[in-house]
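First the structure, in the form of structure tokens, and then the observations on it.
The values are calculated or read from the model by the stated rules, or taken from the named source; none is laboratory data. All figures in this text were calculated on a predicted structure; none of them were measured in a lab. For neighbour counting, all protein chains shown are included, and Cβ atoms are generated from backbone atoms with ideal geometry for every residue, glycine included. Side chains included, ligands, DNA and RNA excluded: accessible areas come from the protein's heavy atoms. Shrake-Rupley method; radii C 1.70, N 1.55, O 1.52, S 1.80 Å.
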Amino acid sequence: MPSLKDLRNRIASVKATQKITKAMQMVAAAKLRRAQTAAEAARPYSERMEKVIAGVAHGMGAGAPAPALLRGTGHDGVYLFVVCTAERGLCGAFNSSIARLARDKAVALAAEGKTVKFLCVGKKGYDLLKRQFAPQILELIELRGVRQLGFEHADPVGRKIIELFDKGEFSICTLFFSRFRSVIVQIPTALQIIPVHVSEAPGSGAVYDFEPEPDELLSALLPRNISVQVFRALLENAASEQGARMSAMDNATRNAGEMIKKQTLKYNRTRQAMITKELIEIISGAEAL
């Protein structure tokens, strides 16, 4: 049975932890607003970029040569998974849910005889995946020192993907991230970016003339679209991370409060039992005299 001193130390330790989790919750709440605004602002641009590429692709004449980033390599033997996660933990299941989605898809493809390679953006995803896929991880890209995400941080990742594609390292590339919906809901998402998924032609019947030619436009738009989609994924992740951390630290603060109540009750009962025991010993000694 723990002594009163042990119980006091335990209560003090939990109170100190509660202060830390409360402070982290408030910091995450302050960062969430800016991250959420940035993520929501990036969605229309990236979605419109996909529509423009689809429109230009449908405007190409029959039999016209399409860029490799649009048509693919013609086979699907090698996949590249770009797994975007956070640099830090203490954000609930945010990192593990993204890594789990990538892991499940990799295992399913491996069962079909496919080869899967990984490009990890964020240390936590690398730590989770290296246990099972260490030989297949090509590179870890860390953004630990970045205070505010910008397109200049996503563009090198996009260029790296295109470089690997041009070298024939893979045929299909999928981007993994967590789409922000609310503080308590973040949706792990897998988005194929190579070859680009082209939606069906719009039914408006409108005919467009492109200048320069559609193939020239696609040669310029497709590489930029890769970087745009990576940038969107990083922004969605930033908002999701802060929302998940805010929720996790709120739960931790509540749990610490419950633990303090239980330990305080146990302390008071132990103290009362010791006082009662001492009184009984005093009374017993007095009666013996």
Which value, in Å², gives the accessible area per residue of the stretch 166-289 when a 1.4 Å probe is used on the protein heavy atoms? 59
Which one, 143, 280, 260, projects farthest toward the positive side of the charge dipole computed for the chain from Cβ point charges (K/R +1, D/E -1)? 280
Of 58, 153, 75, ordered by accessible area with the largest first and a 1.4 Å probe, the sequence is 75, 58, 153
Dipole of the stretch 152-275, positive direction: furthest Cα of 238, 161, 174, with charges on the beta-carbon: 238
Considering Cα pairs under 8 angstrom that are at least six residues apart, work out the relative contact order of the chain and quote it in whole percent. 33
Carbon/sulfur fraction of accessible area - the chain, other protein chains in place, 1.4 Å, %: 54
Tell me, what is the percent relative contact order of the stretch 137-289, built from C-alpha pairs under 8 Å that lie six or more residues apart? 29
Shape of the stretch 1-155 from its Cα gyration tensor (a ≥ b ≥ c, root eigenvalues): rounded if a/c is under 1.5, otherwise prolate when a/b > b/c, or oblate? oblate
Non-local residues with an amide H under 5 Å from the amide H of residue 189, with H modelled 1.01 Å from N and Pro and chain starts lacking one, are 177, 178, 179
For the stretch 105-149: accessible area per residue (Å², 1.4 Å): 59
Could you order 215, 209 by accessible surface area, starting with the largest, using a probe radius of 1.4 Å? 209, 215
Accessible area in the full protein assembly, largest first, 1.4 Å probe, for 241, 281: 281, 241
Using alpha carbon centers only, the stretch 36-52 is separated from the stretch 96-145 by a whole-angstrom value of 26
Accessible area (Å², 1.4 Å probe, nearest 10) - residue 213: 100
Quick one: give the max-minus-min coordinate of the C-alpha atoms of the stretch 80-133 along each principal axis, largest first, in Å. 36, 17, 16
Please work out which option in [x] 18.2; [y] 16.0; [z] 21.8 gives mean projected area of the Cα convex hull in nm² calculated from these coordinates, and answer with its label. [z]
Using θ = phi - 60° and the Karplus form 6.51 cos²θ - 1.76 cosθ + 1.60, what ³J(HN,Hα) does each residue of the stretch 40-54 get, whole Hz, x for Gly and Pro? 5, 6, 7, 4, x, 5, 5, 5, 5, 4, 4, 5, 5, 4, 4
Please report, in whole Å, how far the alpha carbons of the stretch 111-162 spread along each principal axis, starting with the longest. 39, 24, 14
Solvent-accessible surface (1.4 angstrom probe) belonging to residue 22, in square angstrom, nearest 10: 90
So what is the 222 nm mean residue ellipticity for the chain from helices alone, if each DSSP H run of at least 4 adds -39500 (n - 2.57) and you divide by all residues, rounding to the nearest 500 deg cm²/dmol? -22500 deg cm²/dmol
Using only Cα atoms, tell me the angle between helix 123-133 and the longest principal axis of the chain; keep it within 0 to 90° and round to the nearest 10. 80
Can you give the charge dipole size of the chain about its Cα centre, rounded to the nearest 20 debye, using +1 on the beta carbon of Lys and Arg and -1 on the beta carbon of Asp and Glu? 1980
Can you tell me which aspartates and glutamates have their Cα less than 19 Å from the Cα of residue 266? Leave out same-chain residues fewer than eight positions away. 6, 258, 278
Given 124/167; 123/261; 22/123; 130/160; 123/167; 15/123, which pairs have Cα atoms separated by over 32 Å? 123/261
Identify which of 44, 188, 212 has the largest mean-square fluctuation in a Gaussian network model of the chain, with springs joining Cα atoms closer than 10 Å. 212
